[in-house]
Amino acid sequence: MENGVASTKEEGFLSRMALNDNKAGMEGLDRDKINKIIMETSKGSKFYENELKRDQQVNQRITKMMLQKARITEQQLKKAQAQVEKVATALEKSRDLSRVIVHVDMDAFYAAVEMRDCPELKDKPMAVGSMSMLSTSNYHARKYGVRAAMPGFIAKKLCPSLVIVPLNFDKYRAVSNEIREIFADYDPNFQPLSLDEAYLDFTDHLEQRQHWPESARTHHFRVRDMTTAELSQEAMTEIRELSPVLFEDSPGSSPSPVGPEGVRAPAGDFEVFGTSVEEAVREMRFRIEQKTMLTASAGIAPNMMLAKVCSDKNKPNGQYRLPSTREAVMDFIHNLPVRKVCGIGKVSEKMLNALGISTCSHLGQQMALLSLLFSETAWHHFLEVSLGLGSTYIPRHEERKSMSTERTFKELSKVEEQLSLCRELCEDLAEDMKKEGLKGKTVTLKLKNVNFEVKTRAMTLPCAVATVDEIFAVAKDLLKTEIENESPQPLRLRLMGVRISAFASLDDKKPLQKSIIGFLQSANAASKNEGSGENAPVIAKAGSPAKASENNHLPPDLSETPSPVQAHASTSACAESETLTCPVCFRKVETTDLNVFNTHIDQCLSNASQKTNNGTESDTESESDLKKDREERAAVNKLRRRHEAQEKKSKVNPQKGQSSVKKDSVQKVSLIKDDNKTATSQEPQPSNSKGPVFVCPVCQLTQETHDLAVFNHHVDLCLNQEVLHELGRQTSSSINLSPRTSLCVYSEKFVKSLGPCNTIDKFFR
DNA sequence: GTTCGAACA
DNA sequence: GTGTTGTTCGAAC
């Protein structure tokens, strides 16, 4: 109520830096004094400067919004109002008050666990985390303004006697498992939000509960569960004192005091809970407390949005039920600060405040305006909030959409260190991916420099990847590009992260993967037999049978790590086009079904390998087949030699030596060359070489690189494909190209190419 | 459809 | 001495 308005009239300090007292246990604090200390401690730091910048950006957004508002006509507003009413009517129709949704939230969870395990902390202001960052604080500390997401060193300024306890996730996870077991008794499909929070649908439980005998609603105090026979009254009192570790003055509805329905045995060793919602929830909280010696708070409401707000109402160690009537809901919403609503954070709050909106009823009053100033998704959400609506269905199990790992460190500017850190992150990520059996197509690199500026760079591959080498191949390229873009200045990093997303289900990929590996295996065997110089080692690396499925045992040497193309060659192929070209017979396969395509390749491969086997292991092969085979090889070698000759010339002078290249493309290449003539083809280009984009003269596609060497690789690659297709045209009608010959065309350059891996994709088209 | 920054929990 | 993980959205391309 009061806090919304306060941030609109901030004087001099950044609203985003100021104390966020939107948290239980933080009412009635001396905000001004606390904010002064926060500002004084922060001022001048890089972090502060960045926050200042971001605050100004938000202010600009607000200015823009206000200008937009000023241009809105009466007529527009009227029309908007009609539209809003239409949507509101529809929403109102869908209002469902029949579900009983509960949001449970452990009180100051990490801090409470630490206090439970170390009673000396009980009466001290304490927080869990480090000097850099606190995860949570106990209620003593909150009185000083110390709260979650506050750096420890600032907290120490606010409260010099603060005890900071390091995080112990294993412990919290163990407790979390304990409470989840209890949740499952009330709703087996409960949705955990974090280690200490969950949504539960109590509807079904309550229905059954009505028929439960008292015995099923009777729960014992902890002492009863102890194996030791009888505990003295003193011992029991002691345990009870330990239990609500948090506070003396809890707002109410604690699981222990008897409610109207509950029955407490005189000795206090068991309690019978009633059949109402409140009783059921109180029982759940009681059981949590008995099991973990920690308290929880809960909110009971007809939907998730409201339940979450309600669980905060009587925190700590309390619960609040919002009756399931429209009237009660609307009353509840009326003065509710918008910031209390899940999804409305400090930026949205500030923007709404600028429009004079601080409570949910304001929201309802201004909906027409909001519908003109905010996106559809945003104003629909606002409208729902203003009507007290939220989801009544708790999703069972949401599938993960991304997985990431990131690390903050003290300044890292050396390229080698950055690369090796990047690899470490990829190793961690790959390990996690393996645990969940995931593969993803999009790799995102996250960088934060010493000025706290965050950048993300992503690359989507045509095929899902999972191993260290595959992920690192992409992340490394992304990182290298950023390093190049910054050069000659170094990237001064304080954080690096790697994320993988766009998951493919493993079932989709497995069969095809087998095929490609088989493909490369045959090739490897063939190339060894043939002993054909340059190709052999490369093929062996990408597709040697032992390493094909798990090629994360490559040497850690950075220069030896595979490029994305190589990574793909070893794992997968994707097909998203309408027709697919078989890499073995070069015929177009009219399908988008990878399994069908796969079967086709398998067929081709088995034909081919039969031929190969026959050739090497039996004498039954006909002369003509042998001859054909030799012809194929001769053709491939001839084309390859021709291409190599062209390539040598083009390395020296890209304009020449590419006879098949169209004129206009050549001009583009020469333009690029002029721009880069000072750079050697081996070294990353300095930032001043940004100039024109590279357009491949063969495939006509723009290449995302400023490095001529990289670009050359790509052109080589395309030329190789030309060779392939030329060969394909020559042979598709009469000669069935065997895997070993077609594999010869995977020249070293192809496999080593740094170019984007859609080249492989193209190959399969 | 992809990429990227931003907001949010 | 200002964290980590994951999701979602909107804008730009």
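Using 0.36 nm per residue of separation minus the Cα-Cα distance, give me the extension gain between A:E398 and A:E431 in nm, one decimal.
Separation in residues times 0.36 nm, less the Cα-Cα distance, equals 9.7 nm.
What number of lysine-lysine pairs in the stretch A:332-452 show an alpha-carbon separation below 24 angstrom, given a sequence spacing of 8 or more or placement on distinct chains?
Going through the stretch A:332-452 pair by pair, I get 15.
Taking H as built 1.01 Å from N, whose amide H comes closer than 5 Å to the amide H of A:M126, not counting residues under 5 places away?
A:N138, A:H140, A:A141, A:V163
Taking the simple approach of a point 7 Å from Cα along Cα-to-Cβ for both A:L77 and A:M39, what is their distance in nm?
3.4 nm
For the charge dipole of the stretch A:86-212, defined by +1 on Lys and Arg C-beta atoms and -1 on Asp and Glu C-beta atoms about the Cα centroid, which residue among A:Y110, A:M133, A:S194 has the Cα displaced farthest towards the positive pole?
A:M133
Can you give me the distance in nm between label points at A:K143 and A:D331, each placed 7 Å from the Cα along the Cα-to-Cβ direction?
Reported label-point gap for A:K143 and A:D331 is 3.4 nm.
For the stretch A:30-115, rounded, prolate or oblate, judged on the Cα gyration tensor with a ≥ b ≥ c (square roots of eigenvalues), a/c < 1.5 rounded, else prolate if a/b > b/c?
Taking the square roots of the gyration eigenvalues as a ≥ b ≥ c, the stretch A:30-115 is oblate.
Let's see if you can work this out: charge +1 on each Lys and Arg Cβ, -1 on each Asp and Glu Cβ, no other charges. What is the dipole magnitude of the stretch A:43-133 about its Cα centre, in debye to the nearest 20?
Computed about the Cα centre, the dipole is about 840 debye.
Each reported figure results from applying straightforward, stated rules to the coordinates on display, with no laboratory input. These numbers were taken from a predicted model, which means no experiment stands behind them. All Cβ positions, glycine included, derive from the backbone under ideal geometry; neighbour counts span all protein chains shown.
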